[in-house]
Amino acid sequence: CDRQIDMVISGGVNIYPAEIEAVLHAHPAVMDAAVIGVPDEQWGESVKAVVQLRPGMDATAAELIAFCDQRLAGYKKPRSIDFVDELPRDAAGKLLKRKVREPYWAGMTRRV
């Protein structure tokens, strides 16, 4: 189960990032993925995936969103996807979601 802080609350619905990350990891082009909540004026937070592709592989945001749409309830699929060369991890290999989340929440306070 995800830590409480990692949960995305969109329109009052609790969304667990680990479920979405597992679907993204099943895509052949995805090496690593982090799912976070980002500010959304209408819903409080919206689901965003930050994805690291496998070397030599290619995928578009639209392709990955469609892949998720076929495997998840509509409210769980990412609304947007950003691509990075590498996701931040600590020395033990643990994903640092706080560092992934920071740029999207800069200058804001969590409203949910």
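Just a few scattered comments:
- Filter result for residue 44 (loosely packed, with under 15 Cβ neighbours inside 10 Å and more than 13 Å from the chain's Cα centre (by Cα)): no
- Restricting attention to the stretch 77-89, the residues that are out of contact with any Ser or Thr (no Cβ under 8 Å at 6 or more places or on another chain), charged (D, E, K, R) and closer than 11 Å to residue 49 by Cβ total 2.
- Within the stretch 1-53, if we keep just the residues that are in contact with a strand residue (DSSP E or B) (Cβ under 7 Å, 6 or more places away or on another chain) and charged (D, E, K, R), the residue that is nearest to residue 71 (Cα to Cα) turns out to be 21.
- Residue 57 being surrounded by fewer than 13 Cβ atoms within 10 Å (Cβ to Cβ) and either in contact with a helix residue (DSSP H, G or I) (Cβ under 7 Å, 6 or more places away or on another chain) or within 17 Å of residue 8 (Cα to Cα) (or both): no
- Looking at the stretch 1-102, the strands (runs of 3 or more DSSP E) lying wholly inside it that each contain 1 or more residues that are in contact (Cβ under 8 Å) with a residue 24 or more places away in the chain and of a type in the set (D, E, K, R) sit at 30-40, 44-53, 80-83.
- Some residue of the stretch 85-98 being surrounded by 15 or more Cβ atoms within 10 Å (Cβ to Cβ), modelled with pLDDT of 95 or more and under 16 Å from residue 19 (Cβ atoms): no
The values are calculated or read from the model by the stated rules, or taken from the named source; none is laboratory data. All values derive from a computational prediction rather than experimental measurement. Using ideal geometry, Cβ is built from the backbone for each residue, glycine included, and neighbour counts are taken over all protein chains shown.
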